[in-house]
Each structure stands twice: as C-alpha cells, then as structure tokens.
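Accompanying notes for the structure given below.
The values are calculated or read from the model by the stated rules, or taken from the named source; none is laboratory data. What you see is a predicted model, and the numbers here were worked out from it, not measured in a lab. Cβ: placed from backbone, ideal geometry, glycine included. Neighbour counts: every protein chain shown.
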Amino acid sequence: MQIRALMYFDELVRTNSMRQAAENLGVAPTAVSRQIENLEEHFGTTLVERSARGVTLTAAGELLAARAGRTLRELEHVQQLIEDLKGLECGRVTIYANGAIVTSLLAPALSEFSRSYPNIHFDVMITSARQAVEAVNSARADMALTLFAPQMPDAKVIARSEIAYDVIVSTRHPLAGRKEVTLRELARHTLALPEKSFGFRQNFDAAAERQGLTIEPAFTVSALEMLKELVLNDMAATLLPRLSVRREIEAAWLAAIPLAGESSIRTHAELSIAPDRQLSFAAAKLSGFIEEFMRTSLRRR
C-alpha cells in the first residue's frame, strides 16, 4: 500500500467528491479513483460507494478514515523530525487555542518568538477549549493553549497558570472607580455572562450560591467577544481575566476591578501536548518559550 493512496483517500473523505478531491490534489479524477481501487484491493473490501450525490463511506471506509488522517499527520511529523536531525532551525507548528487566551497571550508570545526563529511558521486555529485539546489528542495540533479547558484524558498539561477574574466595566460605569467589589454588590447591576457550559460560569454560579445569591444575567452569550462589546457599549458589566481586555484598559475604555476576597473566582490557563508524541525542534522551542511567557505574563495582575 502506497502513502499516495492514503493521501488521495484522505482528501476524498474531506471533500466528499471525487472531482473536488482531484482538483485539490492537481490530478485527474481517474487517478483518485484508481488509488481508491488500490486501497480496496489491498484491504479486500469496498471502502466507498459512489452515487450522483457524491461518495459514501462504507463501514470499512469509516474505519480507515478515522485512522488515515492521523497516520498522514504522523508521517509529516516524522519528516519534520528528520529535518531536525539535519540541524535546520525551521519547520511548522500547529497550535489550537480558544479565543479568550489569544489576544493577550498567544499573539504577543508568537510575535516575540518569531524574532528569534524567523524561519519557523505557524498554523493557528481558534476554537473551543475542548476542541483544542481534542486536536492535540488526534495529532491535528502540536499543542493547545486554553483557558477554562475541561479535564480530558490523554493530553499532557506542561504549563498551568492561575488567572483571576475581575469585574470588567466601561470607564463610565458607576463601579469604575472602585478598588474592589463583592458579588452581592455586583448583583445589583446589569450583567452579561457566558452560557452555563463555560467553566467560568459554573464557578461563578457556585460562588454566588455559596453566598446565598441567585444572580440572573441580563445577557447570556456563547462568544467572549460579545461580552466585551456589551461592556464597551455601556450595556452591562461582566467578568473576564484582566489579560483578555488589556488593550481596552490601556486605552482607558474599560476598567478592571478585583472581586473581594470571598467572592474571588479563578481558573487556569493551560498549555497541553500529546504525551506519546515527540515534539519537533520548532514545537519544542515554542512550547518552552510559551511556558516561560506564561510564568512571567499571566501572573501579573
């Protein structure tokens, strides 16, 4: 069985079209069809069923599809490790991150890192924390940088920094000049909070319950950027890590007010990798750099 056959099959699975797969690969549709036939002959079973609406994977095809992509990614990884043996300080790193951590941690870390390693390239995918960790486990990503990630097996956390949540308000809000605020005081104001699937929201609700409070936000949203926009437009107060609105604070558009002691809510930023996969030179250098960046940046209030 040739690697090319797996590559063609993987592209067919991704596009669900013989013609589109051929176009993406730069070959004729008959070439894709021939490689699929080679795979079917190798495994002794039908992998795809063709129709006017495209292709449908058989049970055997589904089984192969689940593993072919990972196999190809691992081969690419081996190629990178071979390049490392040649002493080339280059390569490509794939990073998955969730939105809350990107602007104030990942973007500045990559910018600073690139000055020392200009020949290393990056693929950055912004997704949910769960999807980021799953990408590491399935070898689609070299590392995941997440905030309020769920506990998941397999992925290895190599760096963790505690992050406090502050009350975030516009500089025109009545709370803007306060040195700290309690949850009970915060409950008197219009709030925007993430939906209940977010780890922070669960921590917030638990903290409110401990104090005998029932806090119902006026706005419940699934996108953290929406929280920021509601605050910028004087529609609500919210809670976010100070680092996620650093630019707006420096521009004097927003203010961050610490929650009082017993009301304090904290979570963790985590850098994760696959435990059974050797990092390439590029990925290893970047992971070490981000570890140090987290130690020095995320612990500053």
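Residue count for segment 9-38, restricted to those that are small (Gly, Ala, Ser) and in a loop (DSSP other than H, G, I, E, B): 3. For Ser222, the criteria (1) modelled with pLDDT under 90; (2) buried (at least 18 other Cβ atoms within 10 Å of the Cβ) hold in every case but one, which is (2).
Taking the residues in segment 172-182 that are closer than 15 Å to Ala260 by Cβ and of a type outside the set (Val, Ile, Thr) as candidates, determine which candidate is surrounded by the fewest Cβ atoms within 10 Å (Cβ to Cβ).
Looking at the filtered set, the residue picked out is Lys179.
Looking at Gly177 and the list (1) touching a Ser or Thr at 6+ places or on another chain (Cβ under 6 Å); (2) assigned to a loop (DSSP other than H, G, I, E, B), which single condition is not satisfied? All conditions are met except number (1). Residue check: Glu89 meets all listed conditions (1) modelled with pLDDT under 70; (2) part of a helix (DSSP H, G or I); (3) more than 30 Å from Phe198 (Cβ to Cβ) but one, namely (2).
Scan segment 31-60 for residues that are touching a helix residue (DSSP H, G or I) at 6+ places or on another chain (Cβ under 8 Å) and under 15 Å from Tyr8 (Cα atoms) and the total you get is 12.
The residue of segment 260-287 that is surrounded by the fewest Cβ atoms within 10 Å (Cβ to Cβ), among those that are more than 25 Å from Phe198 (Cβ to Cβ) and touching a Leu at 6+ places or on another chain (Cβ under 7 Å), is Gln278.
For residues that are of a type outside the set (Gly, Ala, Ser), buried (at least 19 other Cβ atoms within 10 Å of the Cβ) and farther than 20 Å from Pro174 by Cβ, scanning just segment 225-250, find the one that is modelled with the highest pLDDT. The residue in question is Pro241. When each of Val157, Val169, Val124 is tested for being modelled with pLDDT of 85 or more, within 30 Å of Glu262 (Cβ to Cβ) and surrounded by fewer than 23 Cβ atoms within 10 Å (Cβ to Cβ), the lone residue that passes is Val157.
Counting only residues that are within 28 Å of Arg184 (Cβ to Cβ), part of a helix (DSSP H, G or I) and not hydroxyl-bearing (Ser, Thr, Tyr), segment 255-301 holds 2 of them. Cβ separations smaller than 8 Å between residues 6+ apart or across chains give the following pairs from segment 113-126 residues that are more than 14 Å from Ile95 (Cα to Cα) to residues that are assigned to a loop (DSSP other than H, G, I, E, B) and of a type in the set (Asp, Glu): Tyr117/Glu89; Asn119/Glu89. The set of residues in segment 45-71 that are in a helix (DSSP H, G or I) and free of Cβ contacts under 8 Å to residues at least 12 places away in the same chain comprises Ala59, Glu62, Leu63, Ala66, Arg67. Pairing each residue of segment 234-254 that is outside any loop (DSSP other than H, G, I, E, B) with any residue that is surrounded by fewer than 24 Cβ atoms within 10 Å (Cβ to Cβ) and among the acidic types (Asp, Glu), provided the two are 6+ apart or on different chains, yields C-beta distances under 9 Å for Leu254/Glu248.
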